[in-house]
Amino acid sequence: MSDPLQDSRFFQNPYETYARLRAGAPVQKVPTGSGGRYSYLVTGYAEAREAFADPRLSKDTARFFAGQPSRRNLHPAVSQTMLASDPPQHTRLRRLVAGAFTKGTVEGLRPYIQQVTNGLLDSWEQHGQADLVEDLAVPLPVTVICEMLGVPEADRLDVRQWSNDLFAAGEPDRIDTASHEVADYMTALVEAKRRSPDDSLLHDLIAARDGDDRLSEDELVSLAVLLLVAGHETTTNFIGNAALALLQTPKVLARMRDAPELIRPLLDELLRYDSPVGIATFRYSTEELTLGGVQIPAGVPVLIAPGAANRDPDRFPEPDRLDPDRDAAGHLAFGHGIHRCVGAPLARAEGEIALRTLFGRFPRLRLKVPAEELEWRRTRLMRGMVALPVSW
C-alpha cells in the first residue's frame, strides 16, 4: 500500500481520503514515506481530541530521533521549537509568549489589523481582479506578525518565501535550506535588537525571564522563528480557505453581506469546514497505549488529523456542508490541550476583519477560474491554496 497522504489527489481534496480512512477505522496504521516506515493516523473526532490531550504522546522530537542516523540538515531552531517539546520545558516557553496573544492584547491590535487590511484592499480598486492569496491572505498576517516582532519591511518578502519553503512536501533539501536561512536571519535580528532596543515582541523575549531563568540563546532564536512562521501560515490558509468556502456557498455569503456582524459567529464553522491545518505536527508514543480500540506500540509516530476530525459525521452531522447555524465551537482546527495554538485569538481577529472588509468592499466578488482548477499547496501539514484568482 502506498502512502495515502502523498497522492496528488490528496492535496487537491483530502476529505475523500480522510473519509475513506475514517470509515475503515478512526485510528489505523498507515505507510508513510518509503522504506517500510509507518505511522498511526487519527481521523476520528473523539479519538483526535483524546490524542491531543494524552501525555503519552510526546512532541519531543529530539528525544525520538536521538541516536538515529539522518540525512537531513534542519537547523535546530526549526526542528527543536516549543512545538517539539513537552512539559516542563514547553510550559515555561509557552508562558513567556502567551501574553502577546491574549484576547485583550489582540483586541488592542484590531485597529492596526483593520488599517493594514484597508491598505491592501485599496490597491485592488483599480484592477478589477486580484489573487486573494497573494494580495490579501499572505501580506495581512505577515505584516502583522512582522510588525509585532520588529522585522523590517524590506525583509518581509524573504520571510514569506522561507516560510513557504519550510512546508514544501517531498522537497527535503529545499526545507533544510530554508530552515538555515530563516534561523540565520532571526539570529542576526536578535543581535540587532540587543544593540538598538525597541518596543517589539522580539525585544521583550530578549529581556524575558521565567523566575530567575532567562531564555537561552538557542531558545530565543527558536521561539522567534516559530512565532515568525506560525504567526502567519495558519492565518494565511484560514483566510484563503474561508473566502473560497463563502464564494462557493452564495446563500451563506449573501446572508453575511446583509448582516456583517454574523461573520464572528461564523468563524468556527469556517475553520471546521476547511481547516488550515490538515495534519498536526509530529507526535510519538512514549509507551504502549490504546486509542480508539487500537493498540499502539511504544516508540512509533502518531499523526493527528484535525482536517479529518472536523469532518467526522459522528461529531458534526452533514460535515461536508457549510452550515452557518451549526455550533462548531468544538472544532480542532487550532488543536486541543496544552499545545493548542497560542496565536488562535490573533488568527481569529485577522480572519474576521479580512473577510468582513473584503466582502463589504467587493460585494460582486467571484472566482475567476473554476474551483477544480485551483492549485493547492503540496503539504499535508497545511491546507491552503497556491493562488485564488478573483474578479468583480
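Only beta bridges with both residues in the chain are counted; by DSSP, about 90 percent of them are antiparallel.
Just from its helices, what would the mean residue ellipticity at 222 nm be for the chain, if runs of 4 or more DSSP H residues each count -39500 (n - 2.57) and the sum is divided by every residue, rounded to the nearest 500 deg cm²/dmol? Present the calculation step by step, with values, prior to reporting the outcome.
Working: 16 runs with 189 residues, N = 392.
Mean residue ellipticity, 222 nm, calculated: -15000 deg cm²/dmol.
With the convex hull of its Cα atoms as the shape, region 271-341 has an orientation-averaged projected area of 5.4 nm².
Taken over the C-alpha atoms, region 8-391 has Rg and Dmax values of 20.5, 61 angstrom. Neighbour counting of Cβ atoms within 10 Å sorts the residues 263, 206, fewest neighbours leading, into 206, 263.
Legend: P(r) of region 51-100 from all alpha carbon pair distances, 10 Å bins from 0, whole percents, reading 22, 48, 26, 4.
Here the Gaussian network model covers the chain, with springs between Cα atoms less than 10 Å apart; of 135, 54, 199, 199 fluctuates the most. Using alpha carbon centroids, what distance separates region 13-30 and region 146-212, in Å? For region 13-30 versus region 146-212, the Cα centre distance is 36 Å. Computed from backbone phi, the HN-Hα couplings of region 281-293 come to 5, 3, 9, 8, 7, 8, 7, 5, 8, 10, 9, x, x Hz, rounded to whole numbers (Karplus: 6.51 cos²θ - 1.76 cosθ + 1.60, θ = phi - 60°; Gly and Pro given as x).
Its residue count N sets the reference 2.2 N^0.38 Å, and the alpha-carbon radius of gyration of region 229-280 equals 1.18 times that reference. Amide H to amide H, with H built 1.01 Å from N, residue 283 comes under 5 Å of 302, counting only residues 5 or more places away or on other chains.
Counting other C-beta atoms within 10 Å, which of 338, 296 has the fewest, and how do the rest follow?
Details: 338 14, 296 23.
If I rank by nearby Cβ atoms, fewest first, I get 338, 296.
Expected output is a single nm value to one decimal: the length gained when fully extending between residue 320 and residue 98, i.e. 0.36 nm times separation in residues minus the C-alpha distance. What is it? It would help to have the intermediate numbers written out before the result.
On the way: separation 222, 0.36 × 222 = 79.92 nm, distance 3.37 nm.
Extra length available between residue 320 and residue 98 comes to 76.6 nm.
Derived scalar couplings between HN and Hα for region 73-88 equal 10, 6, 5, x, 5, 9, 7, 10, 8, 4, 5, 9, 9, 10, x, x Hz in order, rounded to whole Hz, by the Karplus curve 6.51 cos²θ - 1.76 cosθ + 1.60 (θ = phi - 60°), x for Gly and Pro. Charges on Cβ only, +1 for Lys and Arg, -1 for Asp and Glu, centred on the Cα centroid of region 8-391; of 297, 179, 339, which one is farthest towards the dipole's positive end? Of the listed residues, the answer is 297.
Around the amide H of residue 42, modelled in the peptide plane, lie the amide H atoms of 303, 304, 305, all under 5 Å away and 5 or more residues distant in sequence or on another chain.
Each value in this text was obtained by applying a stated rule to the coordinates, not by laboratory testing. Computed from a predicted model, the values in this text were never measured in an experiment. Reconstructed Cβ throughout: ideal geometry from the backbone, glycine too, with neighbour counts over all protein chains shown.
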